[in-house]
Structure formats: structure tokens, C-alpha cells
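The values are calculated or read from the model by the stated rules, or taken from the named source; none is laboratory data. Quantities reported herein were computed from a predicted structural model and do not represent experimental measurements. Here the Cβ positions follow ideal geometry from the backbone for every residue, glycine too, while neighbour counts run over all protein chains shown. For the accessible areas, the whole protein counts, side chains as well, though only heavy atoms, and no ligand, DNA or RNA atoms are used. Shrake-Rupley method; radii C 1.70, N 1.55, O 1.52, S 1.80 Å.
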Amino acid sequence: MKNQIGIIGLGVMGNALARNILNQGYSLSVYNKTFSKTNSFVENYSAEGYADLKSFLDSLKKPRIIILMISDFAVDQMIDELLFYLEEEDILIDGGNSFYKDTFKRIEKVHKNKVLYLGMGVSGGEKGALEGPSLMPSGDKKAYDYVENILKDIAAKRSDSIACVQYIGPEGSGHFVKMVHNAIEYAIMQLIAESYSLLKSFGYDLDEIADIFDHYNQGRLQSYLMEITSKIVNYQKKDEYLIEKIKDEAKQKGTGKWCAISSFEYEAAIPTLIEAVQARTFSQQPHGKDIHVRHNKSNELVDGIEKLLYLSIIMIYEQGFGLMNKASETHHWELNLSAIASIWQEGCIIKSSFLKQLEEVFKKHKSILEDENLQNEINQALNSWMNTIIKMMSSEIYAPVSCSAWTYYMGKKTALGMNLIMAQRDYFGAHGYERIDQQGQFHSNWNQ
Ligand code: 6PG
């Protein structure tokens with residue numbers, strides 16, 4: 001007999017996850033603040049719906065398993081209401097996009113009532129939640145062990161049948177990892193948008209651009225984001241390409257911004273991820289409207305963009321995993337980077353064949369750039385990458401993420417000029433500097 005699971009929140013994601021749980025043969029109780037949503041859910045699906053929290057909780061066998069699928073701002077109040085009824089060993093799982101530091105506090109709070117807690121990143125949008133998302137649970141290991149089989153049932157499965165769920169670590173580490181996932185998502189989306197602009201500036205029409213992205217999707221760039229880009233670019237309604245009718249302004253819900261702020265806190269350099277967040281903010285300000293055709297179509301360009309995309313994606317992952325590594329060291333989470341690359345291979349928005357490669361790389365290295373095979377791939381494509389960046393400049397398109405990825409890699413290979421910065425600081429503020437030929441702190445009287 002499978003457990004009876006409780007879901008609170010029947011918004012887009014909660015509704016889809018609830019149906020996924022039913023499809024896996026579990027019994028389900030549902031509760032939503034607005035009862036009409038509960039009512040219409042139970043009319044369509046074989047779940048038990050409740051209008052009040054107490055009856056909802058009474059319908060579950062102890063220890064109760066309750067999944068919260070509600071907006072971040074509503075979580076604290078819901079926990080307070082629940083704590084009135086919950087008992088020792090009951091399990092609360094927050095499957096929303098919560099800020100990881102809130103998850104820290106929430107765990108502490110529920111522990112006072114001996115309730116167990118998991119902060120769980122859920123990725124894959126509505127389709128993923130229904131057909132199998134990528135799950136990033138963290139918090140009480142005891143709770144994870146209890147619900148592991150349930151999570152494995154509802155998670156996405158890889159082609160080798162491995163479920164895309166792993167215990168990420170203690171505290172809010174699961175929500176932290178989901179936050180970084182989203183920042184990587186922003187960066188890859190922005191990168192693709194820049195390649196789209198570049199193709200337009202070379203005179204490619206939308207049909208052709210769709211074919212080019214489809215072509216990329218057949219090779220080492222195979223990924224969900226590449227696949228949907230090809231479909232989106234080609235999408236027509238009443239003989240009009242819908243993409244041409246959409247405003248050139250990007251919205252955001254905040255996870256990318258949280259990630260940018262965290263990078264300063266952990267002193268992790270993620271410039272390319274931050275550029276993608278900034279690009280969305282920038283798009284809200286007055287900006288240009290047209291992409292002018294500046295060059296002629298060329299196979300060299302199509303090949304160059306493939307390389308630019310691939311190498312930039314390497315730099316994006318290098319930065320995202322670098323940040324996770326830093327946070328892991330700070331909080332002693334012991335994040336398993338290879339396992340994270342493994343559970344992102346299916347179900348989530350950034351799923352791609354490249355993550356299979358990363359799963360192997362992180363078994364041996366902490367940094368992607370330490371991997372000899374990938375380093376060879378970078379070296380082979382370096383010239384073409386540089387030429388494509390130059391084409392971006394001469395096309396006069398907006399390409400902050402592509403340029404940042406290139407600059408990031410250059411920084412890994414060349415001196416940075418920070419000796420001059422340190423000399424300037426010492427000149428005007430006597431901040432001191434270190435030397436390459438002697439130990440210790442130095443200060444010079446630059447005016448003498
Ligand atoms: C996912 C997505 C999901 C959501 C983003 C969108 O992994 O399923 O990341 O969580 O689509 O939060 O974020 P923005 O609204 O900030 O683009």
C-alpha cells in the first residue's frame with residue numbers, strides 16, 4: 001500500500017505535481033487556500049480535497065508527508081498554521097523556489113516542534129512537474145530517507161532509468177543548488193538570444209534560424225533549451241511569426257538576482273551569470289529596436305556560433321559549479337558536484353547531453369577547466385570562438401554574455417593587470433601591496 005501524500009497549493013506547479021503523484025499510484029489529499037481550486041481538482045482527479053487545514057492533516061497517516069507548492073512569500077505563514085497541528089516526525093517538504101537562507105530559518109523553526117523538513121528545488125516547469133521533474137532535496141536526512149522512494153517515483157528518469165533526485169545536503173543547500181540552476185538557465189538563455197541576434201545580423205530569416213538551432217541540437221549542444229528555441233523561432237500564428245510580436249523586454253522572478261548577490265557573499269566570480277541577470281534589468285530601460293543586416297550568410301558563421309555556444313556554456317557551468325563549491329566549503333555541505341550534474345540530465349530546464357560529460361568530469365576534478373579532453377576541445381575551437389566574438393562586435397549587436405564568457409576564459413589564461421590596481425590603491429590610499437619576489441606587505445612613497 002503506497003503512502004497517502006498531502007499537497008498544499010494547487011497553482012500551476014502544485015497542480016501538475018499533484019497529478020504526477022496520482023499517476024504514480026499514490027493516494028493524495030489536497031488543500032488550497034482558495035477552495036474553488038481544490039474543488040475543481042477533485043472533480044477532475046481522484047484525490048481527496050479539504051476546505052480546512054485540520055481535516056486535510058487528519059486525512060494523512062503519521063508520519064504525515066506534506067508537500068508545500070506555494071509562493072515563497074506565503075510559506076512562513078503556512079508553516080505557522082501547520083505547526084499548530086503537526087506532530088513529532090511529521091515531514092514538511094517545501095517544493096517552491098524559496099530563498100535558501102529562509103529554508104535555514106524554517107528548518108530551525110519546525111525543529112522546535114520536532115517536525116522534519118526538506119527544502120527541495122524542483123525544476124522542469126509545468127511539464128516537468130507532471131511528467132517528472134529534477135528534484136534537489138536538502139535538510140533532514142532522516143526525512144529524505146523516509147520519502148526517497150516517493151521522490152524517485154515522481155522524478156524524471158534518465159535513459160539508464162536513474163531517477164533525477166539526490167539528497168543534496170543539509171540545511172537549505174537544495175534551494176541553493178536550484179538557485180544556481182536558475183542563474184545558469186538565465187545565462188544559457190541569454191547566450192542563445194545573442195546568437196539569434198547575430199544570425200539575424202547576417203541576414204538569416206526565421207525559418208533558417210530555426211533550422212540552425214535544430215542542427216545544433218543534433219550535436220554536442222543537444223539540450224532542452226536548444227530544442228525549444230528552434231520551435232519558438234519557427235512558431236507562426238495566422239502567417240505571422242509570433243517571436244516578432246513579443247516585446248523586447250525580459251522579466252524575472254528573482255532567483256537569478258539572489259544568485260548574483262550570493263556570489264559576492266561567497267567571493268565567487270560568476271561574471272557571466274551576473275551579466276544575464278543584468279541583461280534582463282537593462283532590457284527594461286529604453287534601448288534600441290532593430291537589428292541591422294551587416295554581413296552575408298556564411299557556413300563559417302554557423303560553425304563559429306556552434307563553437308561560441310559550446311565554449312560559453314562550458315564557462316557558464318565552470319562559474320555556476322565554482323559558486324556551489326565555495327558555498328559548500330563555507331557551510332560544510334559537502335556538495336557532490338558530479339551528482340548534481342547527474343540529476344540535471346533530465347527533467348529540468350537546463351537538461352542537456354553536456355551534463356553527462358560534466359558528471360564524469362566532476363568525479364575527477366573540482367574545476368571543469370582541469371579536464372584534459374575539454375581543454376583540448378577549447379583549444380581546437382579557440383580561433384573560431386574569437387572570430388565569432390569579433391563578428392558580434394562588427395555586427396553591433398547586444399552580446400553581454402558571449403563577451404563575458406570569452407573574457408572570463410581569457411582571464412584564466414592571461415595576467416589580469418591587478419598589479420597596477422594594487423599600485424594605484426597604494427598610491428592614493430596607502431593600502432599596501434604584495435610582491436612577486438619578496439614575502440610580506442609593502443608600501444611605497446609614490447610621489448618621491
Ligand atoms: C525551472 C525554472 C522555474 C521557473 C523560473 C523562471 O527550473 O523549472 O527555473 O523555476 O521557470 O523560476 O524564472 P524567471 O521568472 O526568473 O525567469
Discussion item. What number do you get for the chain when its Cα radius of gyration is normalised by 2.2 N^0.38 Å, N = residues?
Written reply: 1.09
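Taking the Cα centre of segment 11-165 as origin, work out the dipole magnitude from +1 charges on Lys and Arg Cβ and -1 charges on Asp and Glu Cβ, in debye rounded to 20.
200
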Fill in: Arg64 long-range amide H proximity, modeled H, under 5 Å
Asp90, Ile91
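When every alpha-carbon pair in segment 197-299 is counted, what percent end up more than 23 Å apart?
The share of Cα pairs beyond 23 Å in segment 197-299 comes to 46 percent.
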Item to complete: Any chance you could check the Cα centroid distance between segment 368-413 and segment 1-59 for me, in angstrom?
Response: 48
Discussion item. Quick check for me: using +1 on Lys/Arg Cβ and -1 on Asp/Glu Cβ, what's the dipole size of the chain about its Cα centre, in debye to the nearest 20?
Written reply: 380
Worksheet item: Which of rounded, prolate, oblate describes segment 36-87, given a ≥ b ≥ c as roots of the alpha-carbon gyration tensor eigenvalues and a/c under 1.5 marking rounded, otherwise prolate only if a/b is larger than b/c?
Response: oblate
Discussion item. I'm checking a number: the convex hull volume of the Cα atoms of segment 300-448, normalised per residue, in Å³. What is it?
Written reply: 198
Discussion item. Expected output is a single nm value to one decimal: the length gained when fully extending between Asn23 and His215, i.e. 0.36 nm times separation in residues minus the C-alpha distance. What is it?
Written reply: 65.6 nm
Worksheet item: Where the accessible area of segment 210-347 is counted over protein heavy atoms with a 1.4 Å probe, how much of it, in %, is carbon and sulfur?
Response: 49
Worksheet item: Along the principal axes of its C-alpha atoms, what lengths does segment 223-263 span, in descending order and rounded to whole Å?
Response: 45, 25, 11
Worksheet item: So what's the back-of-envelope 222 nm ellipticity for the chain, counting only DSSP H runs of four-plus at -39500 (n - 2.57) apiece and dividing by all residues, rounded to 500?
Response: -18000 deg cm²/dmol
Worksheet item: Using a cut-off of 22 Å between alpha-carbon atoms, which lysines can reach Lys101, once sequence neighbours fewer than 8 places away in the same chain are excluded?
Response: Lys109, Lys112, Lys114, Lys141, Lys142, Lys178, Lys253, Lys257, Lys326
Worksheet item: Who wins for biggest fluctuation among Glu372, Glu334, Glu48 in a Gaussian network model of the chain, springs between alpha carbons below 10 Å?
Response: Glu372
Item to complete: Starting at the first residue of segment 440-448, write each ³J(HN,Hα) from the Karplus equation 6.51 cos²θ - 1.76 cosθ + 1.60 with θ = phi - 60°, in whole Hz, x for Gly and Pro.
Response: x, 9, 10, 9, 10, 8, 5, 7, 7
Response to the item:
Residues whose modelled amide H sits under 5 Å from the amide H of Leu28, counting only those 5 or more places away in sequence or on another chain, are Ile5, Glu48
Discussion item. Taking the Cα centroid of segment 192-256 and of segment 127-178, what is the distance between the two, rounded to the nearest whole Å?
Written reply: 31
Response to the item:
Comparing Tyr408, Tyr398, Tyr241 in a Gaussian network model of the chain (Cα, 10 Å), the one with the largest mean-square fluctuation is Tyr241
Worksheet entry | Of Ala268, Ala193, Gly256, farthest towards positive along the dipole that unit charges on Lys, Arg, Asp, Glu beta carbons give segment 150-306 | Gly256
Worksheet item: What nm value, rounded to one decimal, do you get for the distance between Asn376 and Glu126 when each label is placed 7 Å out toward the C-beta?
Response: 4.6
Worksheet item: When the Karplus curve 6.51 cos²θ - 1.76 cosθ + 1.60 is applied with θ = phi - 60°, which whole-Hz ³J(HN,Hα) does each residue of segment 262-271 get, with x for Gly and Pro?
Response: 4, 4, 6, 5, 8, 6, 10, 7, 10, x
Worksheet item: Given +1 on the Cβ of Lys and Arg, -1 on the Cβ of Asp and Glu, and no further charges, what dipole in debye does segment 1-101 carry about its Cα centre, rounded to the nearest 20?
Response: 380
Worksheet item: Can you list the aspartates and glutamates whose alpha carbon sits under 18 Å from that of Lys289, skipping same-chain ones fewer than 8 residues off?
Response: Glu194, Asp205, Glu244, Asp248, Glu249, Glu396
Worksheet item: By a straight-distance test (C-alpha under 16 Å), which lysines pair with Lys364 as possible cross-link partners, with residues fewer than eight away in the same chain excluded?
Response: Lys356
Fill in: Accessible area expressed per residue, the chain, with surrounding protein chains retained (probe 1.4 Å, Å²)
48
Item to complete: Could you check which residue among Lys61, Lys391, Lys245 shows the biggest mean-square fluctuation in a GNM of the chain with a 10 Å Cα cutoff?
Response: Lys245
